[in-house]
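Below is one structure; the comments refer to it alone.
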Amino acid sequence: MRIILTGGGTGGHIYPALAFIKYIQSVEADSEILYVGTARGLESKIVPAAKIAFKTIDVQGFKRSLSLSNLKTITKFLSATQAAKKIIKAFKPDVVVGTGGYVAGPVLYAAEKLNVPTLIHEQNSVPGITNKFLSSRVTKIAVAFEAAKPYFPKEKTIFTGNPRAQEVANLKATSILETEYHLKKDKKTVVIFGGSRGAMTINEAVKTALPLFEKEDYQVIYASGQIYYDEDHAIFEAYQASENIAIRPYISNMLEVFASSDLVLCRAGATTIAEVTALGLPTIFVPSPNVTADHQTKNAQALVDINAAQMIADRDLTGEVMVEAISSIFADEARYKEMSQNSRLAGVPDASERLYQLVKEITT
Ligand SMILES: CC(=O)N[C@H]1[C@@H](OP(=O)(O)OP(=O)(O)OC[C@H]2O[C@@H](n3ccc(=O)[nH]c3=O)[C@H](O)[C@@H]2O)O[C@H](CO)[C@@H](O)[C@@H]1O
């Protein structure tokens with residue numbers, strides 16, 4: 001199969017595409033794959049590093065209110081569509097798959113104009129602006145939350161889960177905490193991070209919590225995001241020697257770290273949710289208050305409702321609240337076990353397979 005994937009801006013749109021590429025390569029070794037992204041998005045680092053053919057187009061996002069810069073966005077959209085058409089004509093894909101983010105707009109739009117079958121994957125419980133715009137044009141729509149279905153045309157929308165779940169589902173714990181993070185292999189471990197780029201509230205809370213964490217009988221691995229790491233380098237540096245705390249700007253082997261840990265505290269980004277549920281990890285979510293239609297709270301609520309997760313509102317998070325939430329889950333074994341079982345029940349370990357069937361359906 002010849003397939004173009006596109007999507008980007010943040011990790012949450014890129015990792016599902018990469019997971020799906022891995023799956024396609026495992027079932028069709030002779031498949032030809034091209035990823036289209038922007039030069040500025042996180043995809044320009046992550047995709048070439050994964051050794052996947054990568055081409056860029058220039059595009060910018062819409063502002064939600066009417067503004068002059070939207071005029072510029074429209075002009076850019078039109079020229080990006082032309083650039084995407086050129087890439088599509090040269091590559092001759094059987095299908096074009098978009099995973100959200102601004103860059104997917106012109107690529108999928110161009111594919112549809114050229115009569116190439118198209119599919120979009122929506123990771124969230126509330127669709128992003130790009131996928132909403134594309135929904136009337138594409139051939140099929142795959143969703144990772146049942147709650148997203150009502151936003152899309154019923155006849156072409158199918159629940160598949162998030163491909164990242166399948167990539168993670170069978171991972172086993174390794175010695176990575178010991179070998180790369182100077183932590184103990186068998187000590188209870190909580191992973192803390194604020195989405196793929198870090199989060200200010202979580203970072204502030206962690207800074208207050210660090211002296212408290214030092215006294216706990218569990219260990220902490222924290223990814224601050226590059227911005228906060230640079231800002232607070234001096235504070236973090238002082239804890240690098242601490243026996244039960246490891247701090248990094250970004251954890252590049254996050255799946256292995258998850259599989260080797262016991263609890264997660266993070267934003268409620270959709271891809272993270274797919275990962276933690278595939279592994280049956282109990283989670284404390286602090287949804288970002290700055291996302292479209294408060295979709296992270298809705299993402300997290302689905303898991304709180306089945307007692308797989310706890311939620312703390314961003315405005316309520318402090319260092320003390322953070323430590324108390326983590327410590328009390330670790331202290332209650334029965335609760336921990338129940339949360340873990342319920343988390344696993346929410347996972348979709350065959351998500352890539354489901355998405356692949358859908359691709360097959362529209363290309364044959
Ligand atoms: C602020 C914002 O707009 N966030 C959105 C963005 O989230 P964002 O990209 O932050 O979040 P997601 O949780 O979906 O994905 C983050 C990904 O980065 C990985 N990771 C994170 C930190 C780290 O140090 N190392 C690492 O590998 C996680 O394991 C995960 O695979 O896209 C998601 C998916 O559309 C949305 O649900 C989020 O609301």
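Looking at segment 120-224, the strands (runs of 3 or more DSSP E) lying wholly inside it that each contain 2 or more residues that are touching a residue at least 12 places away in the same chain (Cβ under 8 Å) and under 18 Å from Arg354 (Cα atoms) sit at 140-143, 157-159. All conditions but one from (1) farther than 26 Å from Arg344 by Cβ; (2) not assigned by TED's automatic domain parsing to the domain that holds Lys55 apply to Gly128; the one that does not is (2).
Scanning segment 189-206 for residues that are surrounded by 17 or more Cβ atoms within 10 Å (Cβ to Cβ) and either outside the structural domain of Thr283 (by TED's automatic domain parsing) or more than 16 Å from the ligand (Cβ to nearest atom) (or both) yields one hit, Ala205. The residues of segment 91-121 that are surrounded by 23 or more Cβ atoms within 10 Å (Cβ to Cβ) and of a type in the set (Val, Ile, Thr), listed by number, are Val96, Val97, Thr99, Val103, Val107, Thr118, Ile120.
Only one of the numbered conditions (1) over 15 Å from His295 (Cβ atoms); (2) assigned by TED's automatic domain parsing to the domain that holds Gly37; (3) in a loop (DSSP other than H, G, I, E, B) is violated by Gly101, and that is (1).
Within segment 322-345, the set of residues being among the hydrophobic types (A, V, I, L, M, F, W, C) and crowded, with 17+ Cβ neighbours inside 10 Å comprises Met322, Val323, Ala325, Ile326, Ile329, Phe330, Met339. Restricting attention to segment 270-292, the residues being more than 7 Å from the ligand (Cβ to nearest atom), outside any helix (DSSP H, G or I) and within 17 Å of Gly128 (Cα to Cα) number 2. Do we have Ala300 as at negative phi, crowded, with 18+ Cβ neighbours inside 10 Å, out of contact with any Asp or Glu (no Cβ under 7 Å at 6 or more places or on another chain) and outside any helix (DSSP H, G or I) here? In short, no. What about Ala331, is it touching a Ser or Thr at 6+ places or on another chain (Cβ under 7 Å) and of a type in the set (Gly, Ala, Ser)? Taking the combined requirement at face value, the residue does not satisfy it.
Return a yes/no flag: does segment 131-154 have any residue that is at pLDDT 95 or above, crowded, with 24+ Cβ neighbours inside 10 Å and of a type in the set (Ser, Thr, Tyr). No - not one qualifying residue is present in segment 131-154.
Of the residues Ile88, Ile52, Ile33, the single one that is away from the ligand (no atom under 16 Å from the Cβ), assigned to a loop (DSSP other than H, G, I, E, B), of a type in the set (A, V, I, L, M, F, W, C) and crowded, with 17+ Cβ neighbours inside 10 Å is Ile52.
The values are calculated or read from the model by the stated rules, or taken from the named source; none is laboratory data. In this text the structure is predicted, and so the values were computed from the model without any measurement. Counting neighbours? That spans all protein chains shown, and the Cβs are built from the backbone with ideal geometry, glycine included.
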